[in-house]
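A.B. asks: Handing you a structure now.
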Amino acid sequence: MDLNVRRAGIRPRHGRVKAAAALLLAAGLLLGGCGSPASVQPTSAPTSAPAPESPSPEPSPSAPPEPAGPGAPLTGLPLADGAALTERPYAVMVNNFSAARPQSGLTHADMLWEVLAEGGITRLIAVFQSDAGYKGAVGPVRSIRPYLIEIGESFHGVLTHAGASTDAYEILQHQGKPYLDEISNAGGYYWRDKTRKAPHNLYTDLEKITKIASRKGYLKSAGGPSYTFSSSPAVDAASPAATSVELKFQLQNYKVSYEYDAGSATYKRFIDGKPHEDRETKEQLSAANLVVIGAKHRAYDDYGRLEVGLKDGGPALLIQRGQVMEAQWKRGADGSFRLEKDGRELSFVPGKTFWHVMPLDPSLEGHVSYS
């Protein structure tokens, strides 16, 4: 009725307009509530209601990110605090006689050297630098020789030992070497393990030797050499396979061998056919890189003390990732030992490196076999 009135141009009274508007509003509400097809449709598409939120899934656990920063100079592995490492290394002379095994602390060394001593048994030189947080024992500690001094000095290391040959004492005491000797100048920083027989029971730890080295002023000279590391191995497709490696020093019943573990890309160490384990961690010793260098050996007295030629360079083998490459070793300008092939330095893959100094009599190849 109001619509017709509006079309005719007649002005309705105010009360009638309000009543008609109320009636129209009520009708619209009824029609909308019944969902009638006659309901007025909106001119734009309706916005759909948001779906109810589902609970967020718990994040899956993941390995902690690798620490950033420069790698350790002797392993190429990231350092825990991400800072450059400048601590002076320790070169510890470790007993490798059968009664001294298993030794302590070797899995925490950055590099491990193996060299002949008197009687055909080898001496180990454990070089510690990046794992200063290790609090356990290191040893058994044994005596030092001139060529062992030479190896330790190549790392600018604090020489850590118990006793020395006459020639070695002459070098240590008259050439100002940084050394910590249980017999002559650092006895209070070593101890005897009563569960083992002397002389295979003398130990120290990194905390103790750091205290005495600091008091003697040995730590004022920072750092040592840095090696070149690359995730791409130096060995190539043409390199022969070397998943099993056997080393013969002198004694026929004294054999060192390694088996390549592809899962960890490391070589597991065996001695006399048994896994070579760490006494503290119970872990088998393993390395990402094996180095074998040939050097002249000569016994110069009736006791069998040796001279080992570690200055002039010679043949070498670099073993990585299940393969072997022939190379040459030489001494760098800083005194460190380096490997070269066709005039370029060979890099290591990140991880620990084990060095082996073998006689050249009759040849390096006569002391090493691999397949």
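The values are calculated or read from the model by the stated rules, or taken from the named source; none is laboratory data. Just so you know, these numbers come straight off a predicted model, no measurement behind them. Please note: Cβ atoms are built from the backbone with ideal geometry, for glycine as well, and neighbour counts cover all protein chains shown. Remember, those area values only see protein heavy atoms, side chains included, never the ligands or the DNA or RNA. Shrake-Rupley method; radii C 1.70, N 1.55, O 1.52, S 1.80 Å.
A.B. asks: Here are the criteria: (1) under 13 Å from Leu206 (Cα atoms); (2) in contact with a Lys or Arg (Cβ under 9 Å, 6 or more places away or on another chain). Tell me which single one Glu118 does not satisfy.
C.D. replies: (1)
A.B. asks: Looking at Gly313, is it in contact with a helix residue (DSSP H, G or I) (Cβ under 8 Å, 6 or more places away or on another chain) and at positive phi?
C.D. replies: no
A.B. asks: For residues that are in contact (Cβ under 8 Å) with a residue 40 or more places away in the chain and crowded, with 23+ Cβ neighbours inside 10 Å, scanning just region 158-179, find the one that is farthest from Tyr203 (Cα to Cα).
C.D. replies: Val158
A.B. asks: Name the single residue, out of those in region 317-349 being open to solvent by 50 Å² or more (accessible area, probe 1.4 Å) and touching a residue at least 40 places away in the same chain (Cβ under 8 Å), that is nearest to the chain's Cα centre (by Cα).
C.D. replies: Within region 317-349, the match that is nearest to the chain's Cα centre (by Cα) is Arg321.
A.B. asks: On the basis of being modelled with pLDDT under 95 and open to solvent by less than 10 Å² (accessible area, probe 1.4 Å), does Leu364 make the cut?
C.D. replies: yes
A.B. asks: Now for a different question. Say whether the condition of being at pLDDT below 95, farther than 24 Å from Leu339 by Cα and either open to solvent by less than 80 Å² (accessible area, probe 1.4 Å) or part of a loop (DSSP other than H, G, I, E, B) (or both) is met by at least one residue in region 255-266.
C.D. replies: Quick first cut of region 255-266, residues at pLDDT below 95 only: 255.
Retained after the next criterion (residues that are farther than 24 Å from Leu339 by Cα): 255.
Among the residues that remain, those that are also either open to solvent by less than 80 Å² (accessible area, probe 1.4 Å) or part of a loop (DSSP other than H, G, I, E, B) (or both) are: 255.
Checked against the condition, which is being at pLDDT below 95, farther than 24 Å from Leu339 by Cα and either open to solvent by less than 80 Å² (accessible area, probe 1.4 Å) or part of a loop (DSSP other than H, G, I, E, B) (or both), region 255-266 yields at least one hit.
A.B. asks: Separate question: Pick from region 240-254 the residues that are crowded, with 19+ Cβ neighbours inside 10 Å and not β-branched (Val, Ile, Thr): which of them is farthest from the chain's Cα centre (by Cα)?
C.D. replies: Checking each candidate, the answer is Phe249.
A.B. asks: Do we find that Val141 is over 20 Å from His356 (Cβ atoms), buried (at least 18 other Cβ atoms within 10 Å of the Cβ) and hydrophobic (A, V, I, L, M, F, W, C) in this structure? It would help to see each step written out before you state the result.
C.D. replies: On the way: over 20 Å from His356 (Cβ atoms): yes; buried (at least 18 other Cβ atoms within 10 Å of the Cβ): yes; hydrophobic (A, V, I, L, M, F, W, C): yes.
The answer is yes for Val141.
A.B. asks: On to the next question. Suppose the filter is assigned to a loop (DSSP other than H, G, I, E, B) and of a type in the set (Gly, Ala, Ser); does Gly366 pass it?
C.D. replies: No; evaluated as a whole, the condition is false for this residue.
A.B. asks: Still on this structure, I have one more. Given the residues Ile183, Ile149, which is the only one that is in a helix (DSSP H, G or I), on the phi < 0 side of the Ramachandran plot and either touching a Ser or Thr at 6+ places or on another chain (Cβ under 6 Å) or not acidic (Asp, Glu) (or both)?
C.D. replies: Ile149
A.B. asks: Does any residue of region 78-94 turn out to be open to solvent by less than 10 Å² (accessible area, probe 1.4 Å) and farther than 18 Å from Ile183 by Cα?
C.D. replies: yes
A.B. asks: Of all residues in region 208-222, count the ones that are touching a residue at least 24 places away in the same chain (Cβ under 8 Å) and open to solvent by 70 Å² or more (accessible area, probe 1.4 Å).
C.D. replies: 2
A.B. asks: Of everything in region 274-316 that's open to solvent by 70 Å² or more (accessible area, probe 1.4 Å) and part of a strand (DSSP E or B), which residue is farthest from Ala100 (Cα to Cα)?
C.D. replies: Arg298
A.B. asks: Checking the structure you have, find out if any residue of region 203-223 is within 30 Å of Arg321 (Cα to Cα) and either among the polar types (S, T, N, Q) or assigned to a loop (DSSP other than H, G, I, E, B) (or both).
C.D. replies: Taking region 203-223 first, the residues within 30 Å of Arg321 (Cα to Cα) are 223.
Pick out the ones that are also either among the polar types (S, T, N, Q) or assigned to a loop (DSSP other than H, G, I, E, B) (or both) and you get 223.
Yes, because at least one residue in region 203-223 is within 30 Å of Arg321 (Cα to Cα) and either among the polar types (S, T, N, Q) or assigned to a loop (DSSP other than H, G, I, E, B) (or both).
A.B. asks: A further question on this structure: Give region 196-207 a look and list any residue that's open to solvent by 70 Å² or more (accessible area, probe 1.4 Å) and either of a type in the set (Val, Ile, Thr) or in contact with a helix residue (DSSP H, G or I) (Cβ under 8 Å, 6 or more places away or on another chain) (or both), or say none.
C.D. replies: Lys197
A.B. asks: Only one residue in Ser48, Ser98, Ser62 is at pLDDT below 95, small (Gly, Ala, Ser), more than 25 Å from Glu277 (Cα to Cα) and over 26 Å from the mean Cα position of the chain (by Cα), so which one is that?
C.D. replies: Criteria check complete, one pass: Ser48.
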